[in-house]
Amino acid sequence: MTRLTSPGGARSPHLPPGTYRPSRPVSWSRTRTKVVAVTAGIALALGTGGSAGARTAAPAPAPSWQKAVDRILADKRLDGAATSIVISDAESGRVLYDRNPGKRLMPASNTKLLTSAAAMDLLGPGYRYRTDVLADGDRSGDRLDGDLYVRGTGDPTLLAKDYDAMAADVAAAGIKTVTGKLVADDTRFDTQRLGRSWAADDESAYYSSQISALSLAPDTDYDTGNVYLEIVPGSTAGEKPKVKVTPSNDYADVDVTATTVAGNGENTISVDREHGGNTITVSGGIPVGADPEESWTSVWEPTGYAASVFADALERHGVEVAGKTELGKATPDGAERVARHSSMPLKKITVPFMKLSNNNHAEVLTKTMGDESAGKGTWSAGLKAIEGFLKKEGVDTGTLRQVDGSGLSRMDNVSARHISTLLHSVRKKPWFKQWYDALPIACAGDRMTGGTLRSRMCDTPAEGNAHAKTGSLTGASALSGYVTDADGRKLTFSIILNNYLADSVKGIEDSIVVALASDGRETGSGKKPGTKGKGEDRRPSGPLVGPECSWKKPARC
């Protein structure tokens with residue numbers, strides 16, 4: 001049921017004991033005058049009345065967009081679906097509209113609002129990860145009689161070039177020969193690589209990569225624990241396509257069974273990784289002359305992946321390691337640091353994390369909070385730290401369930417009220433502006449500005465106005481954040497939709513936010529006065545067919 005809440009509401013206070021009672025009959029008009037006067041006095045004393053003679057306080061008028069939101073939610077795509085919605089005044093936190101506000105639903109990637117806010121508060125905007133290379137053994141000239149350790153602390157932004165720079169520093173430190181092993185120390189985090197109830201058929205997908213304290217990303221989207229494949233068709237039908245892997249490595253093997261088909265043929269390219277190994281199979285067909293296909297594919301055991309790329313870098317810089325590579329062993333006390341890489345600060349990591357809805361970043365931050373708060377780099381310790389933060393912000397954690405940091409799990413259960421409470425509370429935080437700026441922005445075409453909202457709500461009053469986090473799982477969609485209405489008032493909104501059968505309900509979310517931004521005068525089809533198109537990166541704000549843009553990894557989305 002839709003409900004409008006106003007401060008104080010309408011009330012009729014009862015007369016207190018000792019109120020004048022006449023001892024002889026009087027006219028009703030005289031009695032009514034006395035009662036009204038006393039009632040008005042009480043109302044004024046309680047702050048519930050205005051001018052003398054008013055029996056009750058007038059309720060606040062319903063927002064002009066309320067009927068528009070009701071109409072939008074009557075969309076047949078929501079028939080049989082579950083909804084939880086709260087719209088509030090951002091400054092006061094006063095609820096202006098809600099529907100099933102306490103109903104727990106799958107929030108999908110709206111879970112990242114909880115995780116990212118906790119990370120900014122508990123770790124701090126300036127928090128940095130450090131990756132060290134340490135020598136354990138005796139030095140004799142350019143020879144290390146012992147082992148060389150590369151120790152990770154969870155940096156989700158490490159690239160191949162960063163490992164190359166550390167290898168160069170090892171050589172510059174005078175080490176040319178290592179008689180022992182290369183050891184990859186990922187012991188800051190536990191060995192549980194995948195979250196609770198993550199789908200098995202997503203295992204090779206870039207958004208379901210394994211979590212390790214030592215890993216690397218193929219590019220500056222920072223999809224940690226993945227390799228990037230570019231699949232180029234052959235020049236004639238029947239040829240195998242060429243596949244380029246980034247970063248170049250010997251850890252993942254690519255098995256190409258795909259073929260190039262005629263130019264008018266169907267593109268059926270598929271990329272999959274076997275369970276428990278690192279053979280990536282490229283199958284299907286790609287037409288002659290077609291644009292290259294792209295795939296970001298997760299690896300099995302990212303610690304080994306990082307160690308392999310670092311070992312290759314050491315070799316390029318003339319550092320020979322005699323022994324085999326060993327994984328998961330802690331660095332001994334007293335080892336000498338010979339190289340270090342520091343990550344960008346958390347306030348900058350939060351940008352690709354939130355704009356592109358990076359699941360791996362959410363889980364790395366969760367385990368980092370666990371280690372910083374309890375000395376345990378585990379999901380359970382990290383989630384307990386997030387829970388403590390949420391409690392301090394007034395969120396009723398006893399009525400929600402969070403089992404991972406990203407929302408990839410279908411076991412996460414959160415209501416719009418939980419998120420709405422958080423959105424209001426964090427506005428007082430010193431780091432709020434940095435966090436707010438990291439949220440996706442409606443129809444801001446640049447990927448690191450608009451993020452997963454870059455193609456939505458274009459040519460509407462929400463364009464460049466709405467800052468919000470998206471969320472998508474099959475049958476679950478969410479959008480929560482901030483928008484300024486036509487009168488300049490900042491609103492918070494949380495929209496969680498579950499159990500629908502339509503291909504997408506993103507158009508419904510967008511229409512609600514546009515109604516808020518336009519004060520209910522339009523619901524997503526009109527343009528802002530005087531606006532002009534900005535080129536091909538603009539998309540209509542209507543219903544989307546199929547997966548949302550955030551599921552489509554290539555930049556052309």
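The values are calculated or read from the model by the stated rules, or taken from the named source; none is laboratory data. Bear in mind the structure is a predicted one, so any value in this text is a computation, not a measurement. No Cβ is skipped: glycine too gets one built from the backbone with ideal geometry, and neighbour counts run over all protein chains shown.
Details
- Only one of the numbered conditions (1) under 23 Å from the mean Cα position of the chain (by Cα); (2) at pLDDT below 50; (3) crowded, with 17+ Cβ neighbours inside 10 Å; (4) closer than 17 Å to T460 by Cβ is violated by R538, and that is (3).
- Test: residue in segment 82-102 that is free of Cβ contacts under 8 Å to residues at least 40 places away in the same chain, among the basic types (K, R) and more than 21 Å from W431 (Cβ to Cβ): no
- Qualifying residue in segment 152-174 (condition: surrounded by fewer than 18 Cβ atoms within 10 Å (Cβ to Cβ), of a type in the set (S, T, Y) and in the same structural domain as K324 (by TED's automatic domain parsing)): no
- Within segment 292-306, being surrounded by fewer than 17 Cβ atoms within 10 Å (Cβ to Cβ) and part of a loop (DSSP other than H, G, I, E, B) holds for one residue alone: P292.
Here is a yes/no grid of residues against (1) within 14 Å of E509 (Cα to Cα); (2) at pLDDT 95 or above:
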position	(1), (2)
L439	no, yes
A442	yes, yes
G445	no, no
T452	yes, yes
K469	yes, yes
T474	no, yes
V483	yes, yes
A486	no, no
F493	yes, yes
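- The lone exception for A362 - which of (1) touching a strand residue (DSSP E or B) at 6+ places or on another chain (Cβ under 6 Å); (2) surrounded by 18 or more Cβ atoms within 10 Å (Cβ to Cβ) it fails: (1)
- Scanning segment 501-530 for residues that are among the polar types (S, T, N, Q) and surrounded by 14 or more Cβ atoms within 10 Å (Cβ to Cβ), we see that the one that is modelled with the lowest pLDDT is T523.
- Within segment 199-211, not a single residue is of a type in the set (V, I, T) and assigned by TED's automatic domain parsing to the domain that holds A311.
- The residue list K367, K392 contains one member that is of a type in the set (K, R) and surrounded by 23 or more Cβ atoms within 10 Å (Cβ to Cβ), which is K367.
- Scanning segment 95-151 for residues that are surrounded by 24 or more Cβ atoms within 10 Å (Cβ to Cβ), out of contact with any helix residue (DSSP H, G or I) (no Cβ under 6 Å at 6 or more places or on another chain) and of a type in the set (V, I, T) gives T111, T131.
- Looking across segment 441-500 at every residue that is of a type in the set (K, R), part of a loop (DSSP other than H, G, I, E, B) and out of contact with any Asp or Glu (no Cβ under 6 Å at 6 or more places or on another chain), the one that is surrounded by the most Cβ atoms within 10 Å (Cβ to Cβ) is identified as R454.
- K433 meets all of the listed conditions (1) without any contact (Cβ under 8 Å) to a residue 60 or more places away in the chain; (2) in contact with a helix residue (DSSP H, G or I) (Cβ under 9 Å, 6 or more places away or on another chain) but one, namely (2).
- A Cβ distance below 8 Å, combined with a sequence gap of six or more or placement on separate chains, defines the contacts here; from segment 507-523, residues that are within 18 Å of L479 (Cα to Cα) and of a type in the set (G, A, S) reach residues that are modelled with pLDDT of 95 or more and part of a helix (DSSP H, G or I) in the pairs S511/I72; A515/A68; A515/V69; A515/I72.
- Condition check for V86: touching a strand residue (DSSP E or B) at 6+ places or on another chain (Cβ under 9 Å), outside any helix (DSSP H, G or I) and closer than 30 Å to I508 by Cα: yes
- Cβ-Cβ distances below 6 Å connect no pair with a first residue in segment 107-119 that is outside the structural domain of T366 (by TED's automatic domain parsing) and closer than 14 Å to K355 by Cα, a second residue that is buried (at least 24 other Cβ atoms within 10 Å of the Cβ) and among the aromatic types (F, W, Y), and a separation of six or more residues or different chains.
- Residue within segment 327-346 that is surrounded by fewer than 16 Cβ atoms within 10 Å (Cβ to Cβ), under 22 Å from the mean Cα position of the chain (by Cα) and modelled with pLDDT of 95 or more present: yes
- Enumeration of residues in segment 175-203 that are of a type in the set (A, V, I, L, M, F, W, C) and farther than 16 Å from S298 by Cα: I175, V178, L182, V183, A184, F189
- Flag not set for A205, criterion: of a type outside the set (V, I, T), over 29 Å from K324 (Cβ atoms) and surrounded by fewer than 20 Cβ atoms within 10 Å (Cβ to Cβ).
- Top-ranked residue of segment 266-291 - restricted to ones that are buried (at least 16 other Cβ atoms within 10 Å of the Cβ) and part of a loop (DSSP other than H, G, I, E, B), ranked as farthest from the chain's Cα centre (by Cα): V288
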